[in-house]
Each structure stands twice: as C-alpha cells, then as structure tokens.
Amino acid sequence: MEYTVKSGSPEKQRIGCVAVAIYASRKLSASARTLDEISGGVISNLVRRGEIEGDIGQTLLLHNVENTLCDRVLLVGCGKEKDITTNSFRKINQVMVKRLEASGATEIASYLTEIPVKRRDIRWKIQQSIEAIDECTYQFNQLKTDKNLPRRPLRKFIFSVSGRGQLAEGETAVRNSMAISTGIKLTKDLANLPGNICTPAYLAKQANILQEQYPKVKTTVLDVDEMEKLGMGSLLAVARGSREPAKLITIEYMAGNKKQAPIVLVGKGVTFDSGGISLKPGAAMDEMKYDMCGAASVLGTIAACAELQLPMNIVGIVPSVENMPDGIAIKPGDIVTSMSGKTIEILNTDAEGRLILCDALTYADKYKPDVVIDIATLTGACIVALGAHPAGLMGNHKPLINDLLSAGKKSGDRCWQLPLWDDYQEQLNSNFADIANIGGKGAGTITAACFLSRFTQKYHWAHLDIAGVAWKSGNDKGATGRPVSLLMQYILDRFESGH
Ligand code: BES
Ligand code: MN
Ligand code: ZN
C-alpha cells in the first residue's frame, strides 16, 4: 500500500473515493459538511431520510456527487463525536477499508483523520489508520494455489491534514508507520508459516536475509557445537528431542552512538511445541507453530528499525528449537546445567520456553545491555489471566516497566503488569537441583517469569508474555504481528527523548 499526506478540501480531490465521517446521531463532520454544501445538500438529505445514522459499523457509498472531482464519496459512521476511543478509531478505519474493498475504488483520500480522539494528535491518528488498514488488507496465501486476490485491490491512501503546518508531522507518521508495517508483515508471515517450513534453520535464514537487505544489520548464527562450547545445556536439552538442529541467532543493528549500550530483545523461537515427553493434548496442537512469535517479533522489530535507519543500537537474540518427543528427548526428572552454571530439574518438558530463554538471557550479558526485553509465548496461564487484550508484563526495573506500559497505551498494543514478588520464588524450589522448571499450582505466568528472573540479575530486564496476544484462534486464526507496535513505540519514544 502506498500512503501519503495532503492538505486540501475534499471536493477538490481528483480520486477514486473520498471518505468522510458522520457522527451519531446524524451529525456531519466538517468535511462532510463541505461536500454537502457544495453538492446542494445531498448528504444532509440522505441523513435526514435515515439512510445513515452515524453509528460505528455503518457506511454509505455515494456516486457522482455534484461539484466534486472524485468518483465516489464514502460516508463512514463513527459513533458519538465525543466518545471516540483508541479502539473505536481503529474499528472505524477497518469498516472503511472493508467497504472500500467491495467497491471499485483503488485510491482513497481519507478525511477520517479529522475525527477527534482524546489526547491524540494527527501523527497518532495516521499511524493508527495505517495499522488498521494494513491489518484489514493482510493476506497469507503463499501456500494456497488459489490466491483469492481482490479484483481491484486498494493501492493508495491519502490522509488529509488540516493545513500545511501539519504536513511534516503527517509525513513523519507515514514514514514511521510504513516501516512498522514492514516489520509487522514479516512477523505475521513468519508466524503463519507451518512448522515443517519455518524451522530453526529457516528463522536463521530469514535473519541472514535481513543482513543482506540492510547494510547496518549483522547476523550471526551459532550451531549446536558452538552452543555446547558455551555450556548452553538447558537450551540444548530441549533441542535433543527433535531432528531439527537448534540455532542461536543474533542480529545486531548498531546504527547508534558506539558508546551507547544496546537495547537487547530476546525472542522465544520454538518453531513447534508438541510439549515433548510431557505431550500436549491433540486439540488445537497445530497452533503451537506460533510458539516462535516472540522470535518473529524480534526480527520484525529489527527490520522496522533498519527500514527507518534509526540511529540506535538494538540487538536481537533468538534461541530457536523444536520441542518434540523422541527416544533421546529430555524426560521429566532430568537435570541439566544451564550456561549460568545453575542446575535445573525439568519436571515438565512442556515448560520448554524458559529452558531455552534462560541460556539466551545469560548470553545477552555479553552485550553489556542498557535493557533486556524478552518476548515469549510462554504460558497458557497468561491467556487465562489476561485474555487476548494485553500482554503480561513483569521485570526487575520500574522505569523500564513504566516505559513499556506507556508505549503500550500510546500504540494501542497494550501490556499489563503482574507482580513479580519474591513470595512466588519458592514455588520453584527443587529437591535435587538449584531450581525446578515449573512452579506448581497457581500463578503460572508469574512463576515462569520468576524462573527467568534467576538469569537476569545483571541487567535491567522486562519480560512480555505474549501467549494471549500473538495470534487469534478460531475460524479467523492467524498471527497478529503483536507486539511489534509496542516495541517500536518503546524504541521510538526512547529515540525521541534522547536516551
Ligand atoms: N508454548 C506454551 C505456552 C502456550 C500455551 C502459549 C497455549 C499459547 C497457548 C508453553 O511452552 C507451555 O507449554 N507452557 C506450559 C507451562 C506449564 C507446563 C507449566 C503451559 O502453559 O501449560
Ligand atoms: Mn510448551
Ligand atoms: Zn512453548
């Protein structure tokens, strides 16, 4: 999709379609009023006749509106003008796209940017619009013979800004969002690929492609024997049960000041999680191909930073394995030694994410990081606790937690803090090793984070449990691309505040 910004009034747009807002009940937005006046009251007549109330979800497509230069005018219901929220703003944009896809228009000038949303500026509105439009038009059809492509796909959106003074800001928003969109698309594509294609080696290959695409990206892939030398006994223990060899992928994007300590992102890359010997039940097991969404979001975030040529230092670390049962797979009761030297009693082979993350988190220390954020589809318990709306957030550094919470609010890609109190740590006591890999009944998301916290004491660290937000189940199943927006907002906020 091509996005641009423009200032100018709606009747002067020579384009396939102009989209304008109608508020509930039957209230015309400023640009709808302009079109109404110039056309001799076409819109107000229709509204008076009850053709559109202005509720969210409603649309009305008009053709040949007099004295305008566009082929069509799309009226989009927005609900009450005073009540428009972050969520409804996105919804309104999605409804617009759905209606446009069913029309013949391929180029659109959107005046929905004039809708008031509390405490949000033009930049935010353009960014949210672009994300909503991309979400609507995304298709994953590379493995279908019938690609089911739209006959006349949408090609171009022009966002209206209220004056020349807003052009620069609008253009920044477009530039940022298009880079973020590139990252989200990469994340979704990788996540939607099945486990037989998207293996640890495949993820490594994708990371190498990023290196070829962007001059500032440097990718390194460690193989099993190199990891053995580093003493990554915990990560390799998980990999034993699979024919697919484990990979430790690092992607360095060091475009910032040499002296600036990097932001390190660590993403869980389990390309299929069968549970191992602690085998999962059969229902919906296919969805465990998404157990590499953390890894995919790290690749997506770095791609977005590189696309923007952001002068920052960001490092991605992706431990990647497949969790399978085999004759030589780890068994409940096995004890392994992690890279940190700590011994781990594996009481459940299905708690594998933390086993690979702990070695990657120990490895992260070599970058002398400013902060480390790990991103993982770590626990089913997180879905029970928080559902599909926010990611679970825990960590050892208040300012980092607060930065992530506010980046979540701003981007709409939200997270919610759970308490990482010491009280929970004893649930990980083991009779036979330094630590057990499960915490028994209660607070499964927190005890998983407690486990990770034993390996992150040397730096500022936050953990995002994205089990509930990284993909949707059901008929419309698929990856969401979260939390790339959240991570990018965090990174851009840090860039803009200069630290
Ligand atoms: N990848 C799963 C977590 C998961 C489950 C994500 C369902 C999304 C949907 C993780 O490896 C896992 O199996 N966790 C176990 C931990 C338990 C054994 C302590 C879980 O959540 O059941
Ligand atoms: Mn598991
Ligand atoms: Zn898993």
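Computed values, structure above
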quantity	calculated
Residues of the range 304-345 that turn out to be under 30 Å from ARG175 (Cβ atoms) and out of contact with any Asp or Glu (no Cβ under 6 Å at 6 or more places or on another chain), as a count	14
Failed condition for THR447, given (1) surrounded by fewer than 18 Cβ atoms within 10 Å (Cβ to Cβ); (2) within 15 Å of ligand 1 (Cβ to nearest atom); (3) within 27 Å of the chain's Cα centre (by Cα)	(1)
Number of the exception - VAL238 against (1) within 16 Å of ligand 3 (Cβ to nearest atom); (2) under 24 Å from the mean Cα position of the chain (by Cα); (3) among the aliphatic types (A, V, I, L, M)	(2)
Matching entry among ALA201, ALA207 (being in the same structural domain as ALA436 (by TED's automatic domain parsing), farther than 28 Å from GLN489 by Cβ and part of a helix (DSSP H, G or I))	ALA201
Condition met for PRO194 (surrounded by fewer than 21 Cβ atoms within 10 Å (Cβ to Cβ), farther than 14 Å from GLY316 by Cα and without any contact (Cβ under 8 Å) to a residue 40 or more places away in the chain)	no
ASP423 more than 16 Å from ligand 3 (Cβ to nearest atom), touching a residue at least 12 places away in the same chain (Cβ under 8 Å) and more than 23 Å from GLU496 (Cα to Cα)	no
GLY267 vs. criteria surrounded by fewer than 22 Cβ atoms within 10 Å (Cβ to Cβ), within 16 Å of ligand 2 (Cβ to nearest atom) and not hydrophobic (A, V, I, L, M, F, W, C)	no
Answer from ILE249, ILE184 - the residue that is more than 16 Å from ligand 3 (Cβ to nearest atom), crowded, with 16+ Cβ neighbours inside 10 Å and under 28 Å from LYS342 (Cα atoms)	ILE249
Within the range 231-302, strands (runs of 3 or more DSSP E) holding 3 or more residues that are within 16 Å of ligand 1 (Cβ to nearest atom) and either not assigned by TED's automatic domain parsing to the domain that holds VAL484 or not hydrophobic (A, V, I, L, M, F, W, C) (or both)	269-273
Unmet criterion (only one of (1) outside any loop (DSSP other than H, G, I, E, B); (2) in contact with a strand residue (DSSP E or B) (Cβ under 9 Å, 6 or more places away or on another chain)) for LEU310	(1)
Count of residues meeting criterion [aliphatic (A, V, I, L, M), under 21 Å from GLU322 (Cβ atoms) and either near ligand 1 (Cβ under 10 Å from one of its atoms) or in contact with a Pro (Cβ under 6 Å, 6 or more places away or on another chain) (or both)] in the range 351-388	6
Any hit, the range 336-349, residues being crowded, with 23+ Cβ neighbours inside 10 Å, under 29 Å from the mean Cα position of the chain (by Cα) and more than 30 Å from ALA179 (Cα to Cα)	yes
Single match in ALA376, ALA391, ALA381, ALA364 (criterion: at negative phi, in contact with a Phe, Trp or Tyr (Cβ under 8 Å, 6 or more places away or on another chain) and within 16 Å of ligand 3 (Cβ to nearest atom))	ALA391
Single condition MET394 does not satisfy, out of (1) in contact with a Cys (Cβ under 9 Å, 6 or more places away or on another chain); (2) closer than 18 Å to ILE314 by Cβ	(2)
Number of positions in the range 339-350 that are within 14 Å of ligand 1 (Cβ to nearest atom) and in a loop (DSSP other than H, G, I, E, B)	4
Of the criteria (1) within 13 Å of ASP403 (Cα to Cα); (2) part of a loop (DSSP other than H, G, I, E, B); (3) touching a residue at least 12 places away in the same chain (Cβ under 8 Å), which one ALA467 fails	(1)
ILE184 being more than 14 Å from SER320 (Cβ to Cβ), in a helix (DSSP H, G or I) and not assigned by TED's automatic domain parsing to the domain that holds GLY300	yes
Flag if VAL336 is part of a strand (DSSP E or B), more than 30 Å from LYS472 (Cα to Cα) and away from ligand 3 (no atom under 16 Å from the Cβ)	yes
Residues of the range 83-97 classified as touching a residue at least 12 places away in the same chain (Cβ under 8 Å), over 21 Å from the mean Cα position of the chain (by Cα) and farther than 19 Å from TYR138 by Cα, total	1
Single residue of the range 353-374 satisfying the filter (more than 19 Å from ASP223 (Cα to Cα) and within 16 Å of ligand 2 (Cβ to nearest atom)) that is surrounded by the fewest Cβ atoms within 10 Å (Cβ to Cβ)	ARG354
Only one of GLU37, GLU51 that is under 23 Å from GLY104 (Cα atoms), free of Cβ contacts under 8 Å to residues at least 12 places away in the same chain and assigned by TED's automatic domain parsing to the domain that holds CYS136	GLU51
The range 455-480, residues that are of a type outside the set (Val, Ile, Thr), modelled with pLDDT of 95 or more and away from ligand 1 (no atom under 16 Å from the Cβ)	PHE455, GLN457, LYS458, TYR459, HIS460, TRP461, ALA462
Residue match in the range 286-304 (condition: over 20 Å from the mean Cα position of the chain (by Cα), surrounded by fewer than 22 Cβ atoms within 10 Å (Cβ to Cβ) and at pLDDT 95 or above)	yes
Checklist (1) within 16 Å of ligand 3 (Cβ to nearest atom); (2) more than 21 Å from THR220 (Cβ to Cβ); (3) within 27 Å of the chain's Cα centre (by Cα) applied to SER320, failing item	(2)
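The values are calculated or read from the model by the stated rules, or taken from the named source; none is laboratory data. On a predicted model such as this, the values are computed, not experimentally measured, just so you know. Positions of Cβ are backbone-derived with ideal geometry, glycine not excepted, and every protein chain shown enters the neighbour counts.
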